[in-house]
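Encoded as structure tokens, the structure appears first; notes follow it.
The values are calculated or read from the model by the stated rules, or taken from the named source; none is laboratory data. Quick caveat: nothing in here was measured; it's all calculated off a predicted structure. Heads up, the Cβs are rebuilt from the backbone with ideal geometry, glycines too, and the neighbour counts pull from every protein chain shown. The area values use the complete protein model at the heavy-atom level, side chains included, leaving out ligands, DNA and RNA. Shrake-Rupley method; radii C 1.70, N 1.55, O 1.52, S 1.80 Å.
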Amino acid sequence: MNEASVRRDIQRDIQPARRGALAQSWQRLVAMFVKEFIQLRRDRPTLGMIVGIPLIQLLLFGYAINTDPKHLPTAVLVSDDSPLARALVGALRATDYFHVKYVVQGEQRADQLIRSNEVQFVIQIPPDFSRRLVRGERPSLLIVADATDPTATAGAIAAASGAVIQALDRELTGALATLAQNSPPFDLQVHRRYNPAGEARRNIVPGLIGTILTMTMLIYTALSVTREIERGTMEALLAMPVKPVEIMLGKITPYVVVGGVQMATILIVATFLFRVPIVGSLFVLVPLTLLFIVANLSMGYTLSTVAANQLQAIQMTFFFFLPSMLLSGFLFPFYGMPVWAQYLGEGLPLTHYLRIVRSVMLKGSGYGDLAADAGALALFTLVAMSVAVMRFRQTLD
Amino acid sequence: MSDLVRPATDIAIDVSGLTKIFAGKKVVDNLSLRVKRGHIQGFLGPNGSGKTTTIRMLCGLLTPDAGEGRCLGLDIRTQQEEIKRHVGYMTQGFSLYRDLTIRENLEFVARIYGLVAPEDAAQAALERLGLTARADQLAGELSGGWKQRLALGACILPAPSLLLLDEPTAGVDPKARRDFWDEIHHLANEGLTVLVSTHYMDEAERCHEIAYILDGKLLVSGTIEDTIRNARLTTYVVKGEGLDALAAELNRAPGVDMVAPFGAALHVGGRDRQAMEAVAARYADRAHRWMQDEPTLEDVFIELMTRNHRSGQ
Ligand SMILES: Nc1ncnc2c1ncn2[C@@H]1O[C@H](COP(=O)(O)OP(=O)(O)OP(=O)(O)O)[C@@H](O)[C@H]1O
Ligand SMILES: [Mg+2]
């Protein structure tokens, strides 16, 4: 008697109808997905945090970066008391960026004001400014900015040159009008003190999309396997004919939806509250963001298969999150880091996503420009998932 | 064993030499067991004796360190995937999802087993279990008895050929236990094989065969009659005053192998018939009435435990 017929004999005759092998695998995945989704839906606090966490983080950061602070304390160092100079000061005031608190004479007094944080700007109108301007000698107009916080001063500096040109347009009339035509008739010099690099403000909101998603996505899946073990449901799950891949995909997919909701929240706030434009196409940004979300979910799930309990899983996510913040180019310019740090950074999904999101939002890049970074994200996902499936313990040994 | 000649088609569980070592300790030690198709096999033994570990090896959740065997004709070492399709395992603790409703849990199981119409299968199970009214209640909010019903329902939903039940009636009231056992017998009549661990003697007595495990070793297996007969115990039921003091004294008496209080009486037994009769004659007085009686299953197990305890020292 062969083995198969023995088996059929021992097994019961009444068997419920089952699907084909592939359909069964798909259905097991659906089973996991539905189950995870219901559990998520019942978990009110977590549900609230899906929108709450990105919103709060973005708003908190949003005020820290307050994209365009106005009425910044300013001192004017006037060495040339001409009508033209007075008109310039008036024009700068009119921008709303500069709140002229002091009009001083000596350079030392001006220095002292900026050192003691009394003012953030000193606008220097040199002696003979108007006379040299009229002669067409392009005199320099100097703005000294306290650039310890570059984001705070960038807007004001940008507004200054426009305001000055407009003021001169108005003042230089009649015979002097020709001067105004060769733009600009003076040389605006900006000295960013304390931080000559001065990072672009718009880097930050796109960067935030990446860091917020990293943090939330990692945590969601990092808890998923350890939770089953701690609640005692893993034993029953393992005794059922479900494969590690199916468990993994079933657990990750609901959170792709969650990630999508978070992405939408962040993009809406970024666009309407912080007025960060999206230069590129949403058809590029959204799919690549979803890829980034999947990469992080896979990473979290992998940690979950390594951790022994939920506390360990949370600690591991922080272990991964910290270098992501530090080495991805979010906090520090990527190419300013030592080479070894750059190599580490290349291994982090956030590094590649920052390049993607900044390029798409600010430069309007397309798939062609971003193939390398998108490929890196896909590779990362694949490796993380493979490790997770291999690490997943199918027995209780 | 002489019954090796029996056709293998009759045997649902056939394992030999199963051994599992945790931290250098043999938690299951060279265990061999055969369970016939359609039989209810009781699995008894004190706490920590290795019942759960054995059951986990049978359904592929633990890999044996030694030994081999088959469940439903499938190799427990290499065909775990296939075993999982045809074996229903009810864990010792409640292990369904507490934050899912009864219906959602059943649908989950139906999908995992690839049934064609999972919603219908879940509905049918609800009706069969009499859980329709509670279908939308969260599983975690159910009382112990209903949890157990649900767990059994989830186990039998995919129509397994073998049920492994690990202390399914712990903490369940007598009425619910009775209903549960009626259901088990009903399933066995349909051809389902059941291995059930328990600490209750009345449940053991409802099994076709029982196995008793102690410190990982299988000490006894067979029918209840065989088990009692093979123990060759001579037992007395003692009634009267001051039984506690008497028990302490009898424990040291030669020829007495087990002493156990049962309600207002004392069960005293020994394997040496003559020695035991002598003890009875010596201790029978006006304060105590000694009556010889058939040994119960529990007497046999207590004697086994006492003997192993003594020899271990
Ligand atoms: N994963 C494990 N790691 C280490 N030791 C274990 C493990 N699982 C069980 N043990 C030990 O193995 C022994 C047998 O445990 P098991 O759970 O099989 O006993 P049991 O007969 O089911 O007991 P109970 O009646 O209390 O459920 C116990 O001493 C237990 O501490
Ligand atoms: Mg147990």
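Structural remarks
- Scanning the range B:154-203 for residues that are among the polar types (S, T, N, Q) and more than 11 Å from every other protein chain (Cβ to nearest Cβ), we see that the one that is surrounded by the fewest Cβ atoms within 10 Å (Cβ to Cβ) is B:189.
- Of all residues making up the range B:70-83, the number that are within 21 Å of the chain's Cα centre (by Cα) and open to solvent by 10 Å² or more (accessible area, probe 1.4 Å): 1
- Answer from B:77, B:37 - the residue that is closer than 24 Å to residue B:190 by Cα and at pLDDT below 95: B:37
- Test: residue in the range B:152-165 that is within 16 Å of ligand 1 (Cβ to nearest atom) and either in the same structural domain as residue B:195 (by TED's automatic domain parsing) or under 25 Å from residue B:188 (Cβ atoms) (or both): yes
- Being touching a residue at least 40 places away in the same chain (Cβ under 8 Å) and more than 30 Å from residue B:57 (Cα to Cα) is a property that residue A:300 has.
Residue-by-condition table, conditions (1) crowded, with 21+ Cβ neighbours inside 10 Å; (2) acidic (Asp, Glu); (3) farther than 20 Å from residue A:215 by Cβ:
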residue: A:334; (1), (2), (3): no, no, no
residue: A:340; (1), (2), (3): no, no, yes
residue: A:343; (1), (2), (3): no, no, yes
residue: A:352; (1), (2), (3): yes, no, no
residue: A:369; (1), (2), (3): no, yes, yes
residue: A:383; (1), (2), (3): no, no, yes
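- Some residue of the range B:119-134 being within 16 Å of ligand 1 (Cβ to nearest atom), under 30 Å from the mean Cα position of the chain (by Cα) and open to solvent by 50 Å² or more (accessible area, probe 1.4 Å): no
- Breaking point among (1) within 11 Å of chain A (Cβ to nearest Cβ); (2) touching a residue at least 24 places away in the same chain (Cβ under 8 Å); (3) of a type outside the set (S, T, N, Q); (4) open to solvent by less than 30 Å² (accessible area, probe 1.4 Å), for residue B:138: (4)
- Selected residue (criterion: least open to solvent (accessible area, probe 1.4 Å)) from residues of the range B:24-49 that are part of a loop (DSSP other than H, G, I, E, B), at positive phi and away from ligand 2 (no atom under 16 Å from the Cβ): B:38
- Subset of the range B:50-69 [within 13 Å of another protein chain (Cβ to nearest Cβ) and on the phi > 0 side of the Ramachandran plot]: B:60
- Taking the range B:271-298 as the range and being in contact with a Leu (Cβ under 9 Å, 6 or more places away or on another chain) and closer than 21 Å to residue B:242 by Cα as the test, the residues that pass are B:276, B:279, B:283, B:287, B:288.
- Residues in the range B:87-102 that are crowded, with 21+ Cβ neighbours inside 10 Å and assigned to a strand (DSSP E or B) were compared, and the one that is nearest to the other protein chains (Cβ to nearest Cβ) is B:89.
- Of everything in the range B:70-86 that is touching a helix residue (DSSP H, G or I) at 6+ places or on another chain (Cβ under 8 Å) and touching a residue at least 40 places away in the same chain (Cβ under 8 Å), the residue that is farthest from the other protein chains (Cβ to nearest Cβ) is B:76.
- First in the range A:38-53 and within 11 Å of chain B (Cβ to nearest Cβ), second anywhere and hydrophobic (A, V, I, L, M, F, W, C) and in a helix (DSSP H, G or I), Cβ under 8 Å, 6 or more apart: A:40/A:47; A:40/A:258; A:41/A:47
- Members of the range B:50-69 found to be open to solvent by 50 Å² or more (accessible area, probe 1.4 Å) and more than 16 Å from ligand 1 (Cβ to nearest atom), listed by number: B:68
- Taken over the range A:265-308, the criterion of being assigned to a loop (DSSP other than H, G, I, E, B) and of a type in the set (Gly, Ala, Ser) is satisfied by A:280, A:281, A:307, A:308.
- Qualifying residues in the range B:215-240 (those that are among the hydrophobic types (A, V, I, L, M, F, W, C), assigned to a strand (DSSP E or B) and away from ligand 1 (no atom under 16 Å from the Cβ)) - the one farthest from the other protein chains (Cβ to nearest Cβ): B:238
- Per the listing B:232, B:206, the residue uniquely open to solvent by 10 Å² or more (accessible area, probe 1.4 Å), over 17 Å from the mean Cα position of the chain (by Cα) and either at pLDDT below 90 or within 25 Å of residue B:14 (Cβ to Cβ) (or both) is B:232.
- Considering the range B:165-191, the residues that are part of a loop (DSSP other than H, G, I, E, B) and of a type in the set (Val, Ile, Thr) include one that is nearest to residue B:155 (Cα to Cα), namely B:169.
- Within this structure, residue B:212 fails the test of being open to solvent by 40 Å² or more (accessible area, probe 1.4 Å), of a type outside the set (A, V, I, L, M, F, W, C), more than 14 Å from chain A (Cβ to nearest Cβ) and within 16 Å of ligand 2 (Cβ to nearest atom).
- If only residues of the range B:262-313 that are of a type in the set (Asp, Glu) and surrounded by 15 or more Cβ atoms within 10 Å (Cβ to Cβ) are counted, the one that is nearest to residue B:215 (Cα to Cα) is B:303.
- Residue in the range B:32-49 that is within 16 Å of ligand 1 (Cβ to nearest atom) and facing chain A (nearest Cβ under 10 Å) present: no
- Tally, over the range A:100-128, of residues that are in a strand (DSSP E or B) and either exposed (fewer than 15 other Cβ atoms within 10 Å of the Cβ) or more than 33 Å from the chain's Cα centre (by Cα) (or both): 8
- Looking only at the range A:48-99, and only at residues there that are under 30 Å from residue A:263 (Cα atoms) and not in a helix (DSSP H, G or I), the one that is modelled with the highest pLDDT: A:70
- Options A:250, A:210, A:300, A:280; residue that is farther than 30 Å from residue B:158 by Cβ and modelled with pLDDT of 95 or more: A:300
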